[in-house]
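Written out below as structure tokens is the structure these notes cover.
The values are calculated or read from the model by the stated rules, or taken from the named source; none is laboratory data. Remember, predicted model here, so these are calculated numbers, not experimental data. Here Cβ is always computed from backbone atoms with ideal geometry, including for glycine, and neighbour counts include all displayed protein chains. We work out accessible area using only protein heavy atoms, side chains counted, and drop any ligands, DNA or RNA first. Shrake-Rupley method; radii C 1.70, N 1.55, O 1.52, S 1.80 Å.
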Amino acid sequence: KKVLNKIVSYFPQSVYYALRAFYLERRDIERSRITPNSNYSKTPPSAVNHSEELMSTLRRTHPTLWSSLESILEELIIRFRPSYEEELLATVTALLQRGDSQLEHQKHAGPEKLDEDAVRTSFSKTLA
């Protein structure tokens, strides 16, 4: 932990994006695992907590750099966001590929009845 703190202090630009991406990804995963009735305060320290501490250290020690990097990332996210047409095309393509794979699976499985619930679930995952 001390080594990572030193790296963040001395080389903030080199670790910023990787640390930010790791933190956001792990935070989302952890939030999806927490159930409404689970007690969050009893959970042991996790990678999310450690990465959050590192991010706050970076913000405190290099506030101007942090602000600049955040604005650059925001600009990149806005500029390179796919258009609605591209998102629709990607979804339709994924659905067609999934349909082709289901058809191939059905051909190889033989004349048994196709599990319609499995197919619906598969397509729902693609649309989500």
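Does at least one position in the stretch 26-35 carry a residue that is assigned to a helix (DSSP H, G or I), open to solvent by 90 Å² or more (accessible area, probe 1.4 Å), in contact with a Phe, Trp or Tyr (Cβ under 8 Å, 6 or more places away or on another chain) and modelled with pLDDT of 90 or more? No, the stretch 26-35 has no match at all. If you go through the stretch 10-24 and keep only what is surrounded by fewer than 13 Cβ atoms within 10 Å (Cβ to Cβ) and within 14 Å of T61 (Cα to Cα), you end up with Y10, F11, Q13. Being farther than 30 Å from K1 by Cβ, modelled with pLDDT of 90 or more, of a type in the set (G, A, S) and out of contact with any helix residue (DSSP H, G or I) (no Cβ under 8 Å at 6 or more places or on another chain) is a condition met by no residue of the stretch 53-74. For the stretch 56-95, which positions are within 30 Å of S14 (Cα to Cα), under 21 Å from the mean Cα position of the chain (by Cα) and open to solvent by 100 Å² or more (accessible area, probe 1.4 Å)? Within the stretch 56-95, E74, I78, R79, F80, R81 meet the criteria. Number of residues in the stretch 67-98 that are among the β-branched types (V, I, T) and in contact (Cβ under 8 Å) with a residue 24 or more places away in the chain: the value is 1.
Being assigned to a helix (DSSP H, G or I) and loosely packed, with under 14 Cβ neighbours inside 10 Å is a property that R98 lacks.
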